[in-house]
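Contents: one structure, followed by commentary.
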Amino acid sequence: MKKLASQLIPAFRSTHPVSRLIPAFRSTHPVSRFIHPAFRSTLPILLLNILILLSTFPAHAQHPLPKLGKDPLPAVIAAMTLEEKGKLVVGMGLKIPGMPANIPGMPPPDPEADALPEKVPGAAGRTHPIARLGIPSITVTDGPAGIRIEPIRGNDSTRTYYATAWPVATLLASSWDTALVRKVGTAFGREVLEYGSDILLGPAMNIHRNPLGGRNFEYYSEDPLIAGSMAAAMVKGIQSNGVGTSIKHFAANNQETDRMTVNTLASERALREIYLKGFEIAIRQSDPYTVMSSYNLLNGTYTSQQPDLLTTILRKEWGFKGLVMSDWFAGDDPVAQMKAGNDLIMPGNPDQSKKIVEAVKNGSLDIKDLNRNVEKILRVILRSPEFRKYKYTDRPDLAADALVSRQAAAGSMVLLKNENHTLPLKNIKKIALFGNNSYDLVAGGTGSGDVNRPYTISLSQGLAAANYQLESDLQTGYTEYIAAAKAAQPKDPMAILNPPPPPAEMDLGTDRIDRTAHEDDLAIVTIGRNAGEGKDRKEEGDYYLSAKEKEMLKTISGAFHAQGKKLVVVLNIGGVIDMVGWQDLADAILLAWQPGMEGGNAITAILGGKINPSGKLACTFPLAYKDVPSAGNFPGKEFKEKEQKGFFGMPMIPAEVEYEEGIYVGYRYYTSFGIRTAYPFGYGLSYTTFSYSRLEVAPPSAAGRTEIRLTITNTGAVAGKEAVQIYLSAPAGQLDKPAEELKAFAKTRLLGPGESQTLHFVLNAASLASFDPHSASWIAEAGDYTVKAGASCEDIRQTQHFRLAQSLIAEKDHAVLAPPHPITSPPRSRP
Ligand code: BGC
């Protein structure tokens, strides 16, 4: 009883109205003079507490304290003190090894969190435990391309904790194969489980608005159907292990410049159709445990403080049941975050808890809002491995997962060019392998999207393992050069946000190149790029190849072609680069993206023909950067005069970016405005060919449902898979329409020569509809629709038409998230 009282009293004291009488009783009640002075202050309080306990909660007095999972949630929430609630909604536990203390702008330390033993070293954070109510602390870990944890722990040299580096999201999206992505997710989630984490902070799924976006590699596509479908497949795979995911960053977080201060101004239509659509698909299809709100402001309000985004749209319209957590250090008002439905503030600091508690006390935050957020968090905790007391092994099957990683990489890479059947390699024994990244593969980007992996198979290792003979002079030269350049790089404890620039390409000299052109059968050059959170890419020397890179390609191409030998270029990049200034120099170009730790083996499998490439672009490669529809307004304008210092001493410059191109993002723009591209969305070559036939489109039902059938036949000599795309051209009525939009896609199974497969697609009223901001509804306008079956958005193989007799309202939504002024759109007129 004494124990029970002591447990319940604090809960009571802060919330029960009688509790405010205690101090008054202590000093003024006449009975007090009969009590020994030593007990005078404590006895009455004890008696009063017992009285309250017995009079108002007799049930509690007879039953043990409610426990999470055993008792109904309302009882657990009712038993929590206000302070406990304030703690639960604010996270803890981010530890950055080697980070210097007292960095300006850093939040104050949290002694309680620091005292708690770390469960998963290297995790991005965790929640506060409340042991007396059976509420454990759950752990969240980055990131989208593999679980990011500390691989070496303390002085223990006997074992390591490395994780699989999967292909980055942009590469996985190029598979157009949701079953493959789900398979990756299933293996990935197993590592999350076995390394003791509860929630994986991914997948990341913002739209590639501009090729210079520093985190594009973490994101899937310029198209929301691809982004949403891939994210849903990944979530389903990961969560099939009983761990959670956090789809991020919600929403309109499409640049890294001024990421914590930029105010994204976008029209309701662009938001609904492009920037929110992918999240909507993922939520509706896959039930992620959590959503991570983003850093930026959206039409004037931080997304983590925006109730229309986090409650009206996410929960009321889309039915999201899980919790929303903030991005790390995002937003500026914890109370506003609570009100908006940003349930958990990460990584959290005690000041935020204090502010939340004070706000409830002074009436500026309704306890109902706080209870709602607490409930969301508890519901996720109930689904966690930690709650189930899962005995994780710290020993996932890395060998098995490496094979899945390799298979996913090889199943997604895109063959961009293949003149005169340069690939697959035939009669090639000795290869001259050029370019730093041939020896030092970029497995994935930097920042929280990077993975501490056991190894990275470079292309040189992949080729050697497949018994190709590599020019040893180059191999030694590059290995020594890269090692020396890396050793000379400054060691920055904050390298996660500020990685050193990659070493410049090694000087080769024409003699060396000429000699290899005589001696070797083929040249391969790898061009590499890396980027990550906190910074966008630059045009010069990044989007465009550096003068040194161009010179290298020109010299090698000239020397090998002079000998009647060929040049293959491998692109080991995380974002779109220029192709026009150099691609004529190459006979074949393989876009490997950043393929994860098995990359070198996967590239080799494609070059050698063990795997027939079947990836296609999920983003456009334009002819020039200036052709990108957002080139004129990326990354927006800064208000330098208002600069302040933020966390980690980083400059915080208020900024604004206006999405003037509206819905005309990526191929929606290029196809509508007749702008030629270097490689269009959906493009990719194979070692075989496919024919498209018998496109059948059933007339739409009264509800707007349409069924489509299409037959694909392998018309070439080797087995292969084809990524098939269904575009729709809708009639322009009250709303303008892009020339075409992707509405469905599928990948065939491996088809042998002459083999066919009939694919089946379903469109519904929502697929036909566009968002009308005036009525806040999705309208499928009456008129003629064209269904186009394509091998890319520009390579349409079959078309069919249907007529919608009457306009349909596919869905009525809320009129929210309006920009402060109309956003001009579209940027350029149709030719
Ligand atoms: C990133 C998130 C990441 C978080 C935790 C932030 O800087 O934007 O994507 O999950 O850090 O590491």
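Would you check if there is a residue in the range 292-303 being within 14 Å of the ligand (Cβ to nearest atom), touching a residue at least 40 places away in the same chain (Cβ under 8 Å), in a helix (DSSP H, G or I) and over 16 Å from the mean Cα position of the chain (by Cα)?
Looking through the range 292-303, at least one residue is within 14 Å of the ligand (Cβ to nearest atom), touching a residue at least 40 places away in the same chain (Cβ under 8 Å), in a helix (DSSP H, G or I) and over 16 Å from the mean Cα position of the chain (by Cα).
Taking Thr479 as meeting all but one of (1) surrounded by 15 or more Cβ atoms within 10 Å (Cβ to Cβ); (2) in contact with a Phe, Trp or Tyr (Cβ under 8 Å, 6 or more places away or on another chain), write down the number of the exception.
It is condition (1) that Thr479 fails.
Please determine whether any residue of the range 253-275 is buried (at least 24 other Cβ atoms within 10 Å of the Cβ) and closer than 21 Å to Gly122 by Cα.
No, the range 253-275 contains no residue that is buried (at least 24 other Cβ atoms within 10 Å of the Cβ) and closer than 21 Å to Gly122 by Cα.
For Ser448, which of the numbered conditions (1) of a type in the set (Gly, Ala, Ser); (2) outside any loop (DSSP other than H, G, I, E, B); (3) away from the ligand (no atom under 16 Å from the Cβ) fails to hold?
(3)
Criterion first (within 28 Å of Leu193 (Cβ to Cβ) and part of a helix (DSSP H, G or I)) does Ile274 satisfy it? Talk me through it step by step, then tell me what you get.
Values: within 28 Å of Leu193 (Cβ to Cβ): no; part of a helix (DSSP H, G or I): yes.
Answer is no for this residue.
State which residue pairs qualify: first residue touching a residue at least 24 places away in the same chain (Cβ under 8 Å) and among the β-branched types (Val, Ile, Thr) and inside the range 540-555, second residue surrounded by 14 or more Cβ atoms within 10 Å (Cβ to Cβ) and assigned to a helix (DSSP H, G or I) in any location, beta carbons under 7 Å apart, and separation of 6 or more residues or different chains.
Pairs that qualify, where the first residue is touching a residue at least 24 places away in the same chain (Cβ under 8 Å) and among the β-branched types (Val, Ile, Thr) and the partner is surrounded by 14 or more Cβ atoms within 10 Å (Cβ to Cβ) and assigned to a helix (DSSP H, G or I), are Thr555/Ile513.
Of the residues Ile149, Ile77, only one is crowded, with 20+ Cβ neighbours inside 10 Å, among the aliphatic types (A, V, I, L, M) and not in a loop (DSSP other than H, G, I, E, B); which?
Working: Ile149 fails: not in a loop (DSSP other than H, G, I, E, B).
Unique residue meeting the criteria: Ile77.
Check off (1) within 14 Å of the ligand (Cβ to nearest atom); (2) aromatic (Phe, Trp, Tyr); (3) over 24 Å from Gly532 (Cβ atoms) for Trp328 and give me the number that stays unchecked.
(3)
Given the residues Ser267, Ser293, which is the only one that is small (Gly, Ala, Ser) and in contact with a Lys or Arg (Cβ under 9 Å, 6 or more places away or on another chain)? Walk me through it before giving the result.
On the way: Ser267 fails: in contact with a Lys or Arg (Cβ under 9 Å, 6 or more places away or on another chain).
That would be Ser293, the only listed residue that is small (Gly, Ala, Ser) and in contact with a Lys or Arg (Cβ under 9 Å, 6 or more places away or on another chain).
Output the qualifying pairs, or none if there are none: Cβ atoms under 9 angstrom, residues six or more apart or on different chains, first residue in the range 179-208 and more than 15 Å from the ligand (Cβ to nearest atom), second residue in a helix (DSSP H, G or I) and among the aromatic types (Phe, Trp, Tyr).
Once the first residue is more than 15 Å from the ligand (Cβ to nearest atom) and sits in the range 179-208, its partners that are in a helix (DSSP H, G or I) and among the aromatic types (Phe, Trp, Tyr) give Ile207/Tyr275.
Would you mention how many residues in the range 360-402 are under 15 Å from Gly596 (Cβ atoms) and free of Cβ contacts under 8 Å to residues at least 12 places away in the same chain?
The number of residues fulfilling the criteria is 1.
Looking at (1) crowded, with 24+ Cβ neighbours inside 10 Å; (2) within 30 Å of Arg515 (Cβ to Cβ); (3) touching a residue at least 60 places away in the same chain (Cβ under 8 Å), which is the only condition Tyr439 fails?
(3)
Could you please find all residues in the range 128-146 being part of a loop (DSSP other than H, G, I, E, B) and either more than 14 Å from the ligand (Cβ to nearest atom) or in contact with a His (Cβ under 6 Å, 6 or more places away or on another chain) (or both)? Walk me through it before giving the result.
First, the residues of the range 128-146 that are part of a loop (DSSP other than H, G, I, E, B): 128-129, 134, 136-138, 142-146.
Selection gives His128, Pro129, Gly134, Pro136, Ser137, Ile138.
Please tell me if Ser229 is in a loop (DSSP other than H, G, I, E, B) and either in contact with a Lys or Arg (Cβ under 8 Å, 6 or more places away or on another chain) or away from the ligand (no atom under 16 Å from the Cβ) (or both).
Spelling it out, it is not the case that Ser229 is in a loop (DSSP other than H, G, I, E, B) and either in contact with a Lys or Arg (Cβ under 8 Å, 6 or more places away or on another chain) or away from the ligand (no atom under 16 Å from the Cβ) (or both).
Just checking, how many residues over the range 232-249 are within 16 Å of the ligand (Cβ to nearest atom) and in contact with a helix residue (DSSP H, G or I) (Cβ under 6 Å, 6 or more places away or on another chain)?
Our first condition is that a residue be within 16 Å of the ligand (Cβ to nearest atom); within the range 232-249, this holds for 234-235, 238, 243-249.
Add one more test, that the residue is in contact with a helix residue (DSSP H, G or I) (Cβ under 6 Å, 6 or more places away or on another chain), and what stays is 234-235, 238, 243, 245, 247.
Final tally of qualifying residues: 6.
I'm trying to understand the selection: among the residues of the range 393-415, which are closer than 24 Å to Gly574 by Cα and among the β-branched types (Val, Ile, Thr)?
Once the filter is applied, which keeps residues that are closer than 24 Å to Gly574 by Cα and among the β-branched types (Val, Ile, Thr), the range 393-415 yields Val404, Val414.
Give all pairs with beta carbons closer than 7 Å in which a residue from the range 229-254 that is more than 12 Å from Ala204 (Cβ to Cβ) and at pLDDT 95 or above meets a residue that is of a type in the set (D, E, K, R) and in a helix (DSSP H, G or I); count only pairs at least 6 apart in sequence or on separate chains.
Cβ pairs passing all conditions: Ala233/Arg182; Lys236/Arg182; Gly237/Arg182; Gly237/Lys183; Asn241/Arg190.
Check the range 257-277 and report whether any residue there is away from the ligand (no atom under 16 Å from the Cβ) and without any contact (Cβ under 8 Å) to a residue 60 or more places away in the chain. Give the derivation first.
Keep residues of the range 257-277 that are away from the ligand (no atom under 16 Å from the Cβ), which gives 263, 265-277.
From what's left, without any contact (Cβ under 8 Å) to a residue 60 or more places away in the chain: 276-277.
Yes, some residue in the range 257-277 is away from the ligand (no atom under 16 Å from the Cβ) and without any contact (Cβ under 8 Å) to a residue 60 or more places away in the chain.
Residues Ser756, Ser770, Ser792: which one is surrounded by 15 or more Cβ atoms within 10 Å (Cβ to Cβ) and touching a Pro at 6+ places or on another chain (Cβ under 8 Å)?
Numbers: Ser756 fails: touching a Pro at 6+ places or on another chain (Cβ under 8 Å); Ser770 fails: touching a Pro at 6+ places or on another chain (Cβ under 8 Å).
Only one candidate passes the filter, namely Ser792.
The values are calculated or read from the model by the stated rules, or taken from the named source; none is laboratory data. All values derive from a computational prediction rather than experimental measurement. Because the Cβ atoms are built from the backbone with ideal geometry, glycine has one as well, and the counts that use them run over all protein chains shown.
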